[in-house]
Amino acid sequence: MLRRGTSAFPGGIHPTDGSDKLLSMDQSIKTYHPKVVTILSEQSFNGTCELLVQSGDSVKKGQLIGKPAAFGAAPLHASVNGTILEVRDVSNQGREIKACIIQSNDTSPAESVPADHRTQAADIRSITAEEILHGIHDGGLTGMGGAGFPTHKKYKTNKVIDTLLINGAECEPFLTCDYRLMLEEGYALLNGVRLLLKASGAGQAYICIEDNKPKASEHLNELLKTATFSGMIDETENISIKVLPTRYPQGGERQLIQTVLDREVPMGGLPADVGVIVSNVGTAKAAADMILGGIPLTERIVTVTGWVKQPGNYLVPIGTSAKELIRLCGGVTTQKNRIIAGGPMTGLCAASDWNGKDELFYITKSTSGIVVLPDSEYKEQPCIRCQGCENVCPAGLTPYQIEIAFFNEDYDLCEKLYASECIACGCCSYTCPAKRELAVRTRMARDIVKQQKWERAVK
């Protein structure tokens, strides 16, 4: 069951020596209960929900409070028991987004007994694929390791799926929330994988983990063996652990598919086009919580790390304040800082030289981390045509050429240079000796090219 793979995708980098993850990977998950949560109506970019509540309403945890109003949205639920204080626009990472602000009465809830699906392999024989798909939708499940795309849309495909990949690579520096989930919620994860495997119709599933997390792969492999030998997992459920070499961005969907299956997703295509669905370990665990426990996606694990006094991993309700979580970790330890929402390679900078007082952002379903880094001042220099960005690009692009075309507003050339295939991993900027913001400009070119293609398609 324990298999070791070889890296197959082009490019990639090793941005750290592993000391970044050591800051929090041995910190077990702690639960935090905020007094107030601010639940954004937009949990992913352009994934807006219409809020169904108003000021003064009483809500219960798990209650539906928002219905999808856009293609990229999933149902939204109250993350705490409490009272709606306001429904208004709030500032979140430079944007005004309508939000539901809830006063919680869950500040000191009694510890609940773990559900059976969290402590043993569940009997899922009587649960149909259709029931699983309905549960994934009704529970508001989204991708919890990336863009936050609605999970049910991945699984409701007319493509023939033969393989399910469960992404536990967690290749982004500093983040360890998925690692802790694999160690502490192993049975819930495995039960979720089994449910997603059944929903996908695939014949096999791989839980993919980089080799810098041996405890996680060994632990899940042991649970899988125990459940199989005891008969709790049917022999037709073909699930195995795939150990992959540590290399960023191993956790990208296309890169994971190339590494594990040696298949290349076509330009403009989706994993389903090559018979694959990819889901994060957090999404799999959330599937088990909803279908076996009746609990919608209302909370997630967040890594708070970097230049804070006490890095850690916290299980928090959706809508928790990032400022509160940093305070919970003892505050920042450098005055010249950058606060990153997510990981340092793909996350957005929420603040520079943060004073510890201003609000930062609110946790969404896809917020995997809050990383505090020391601010570094540098000036961009002219491109020296070293082609380093081309060598490390996992999508096989030439970022420096796309940047030139972007500056010249030659978007047709950007399209010819395949800017639409940028995965915004940041490898190009990381490796650039001239410190050019290649990742930002390539991503902007990508978005313009995609918009042009869409406009041509609807004419």
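Read the figures in this text as sums done on the coordinates, not as results from a lab. Computed from a predicted structure; not experimentally measured. So basically every Cβ, Gly included, is an ideal-geometry build from the backbone, and we count neighbours across all protein chains shown.
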State log₁₀ I(q)/I(0) for region 328-398 at q = 0.29 Å⁻¹ as given by the Debye formula over alpha-carbon point scatterers of equal weight, solvent excluded.
-> -1.32
When 71, 149, 361, 174 are arranged by how many other beta-carbons sit within 10 Å of their Cβ, fewest first, they go 71, 149, 361, 174
Let me have the 222 nm mean residue ellipticity of the chain computed from DSSP H runs of 4+ only, each contributing -39500 (n - 2.57), with the sum over all residues rounded to the nearest 500.
-> -8500 deg cm²/dmol
How many angstrom lie between the C-alpha centres of region 57-87 and region 299-359?
-> 24 Å
What's the Kirkwood radius of region 78-216 in Å, using all Cα pairs?
-> 18.0 Å
Relative to the compact-globule scaling 2.2 N^0.38 Å, provide the ratio for the alpha-carbon radius of gyration of region 388-458.
-> 1.04
118, 327, 385 arranged by Cβ crowding within 10 Å, fewest neighbours leading | 385, 327, 118
For region 52-127, Kirkwood radius (reciprocal of mean inverse C-alpha pair distance, Å) | 15.2 Å
Got the relative contact order for the chain handy, in percent, Cα pairs under 8 Å and 6 or more residues apart?
-> 19 percent
quick note, the chain, DSSP beta bridge pairs, % antiparallel (nearest 5) is 60 percent
For the peptides 125-132, 96-103, 370-377, what is the packing order when you average, over each peptide's residues, the other Cβ atoms within 10 Å and list the highest mean first?
-> 96-103, 370-377, 125-132
So what's the convex hull volume per residue for the Cα atoms of region 11-103, in Å³?
-> 157 Å³
Region 111-196: relative contact order from alpha carbon pairs under 8 Å, six or more residues apart, as a whole percent, is 39 percent
By count of other Cβ within 10 Å, fewest leading, how are 58, 230, 44, 368 ordered?
-> 230, 58, 44, 368
19 Å tail of the calculated P(r), region 217-356, as % of Cα pairs = 69 percent
Specify the inter-centroid distance of region 218-243 and region 389-459, based on alpha-carbon positions, in whole Å.
-> 42 Å
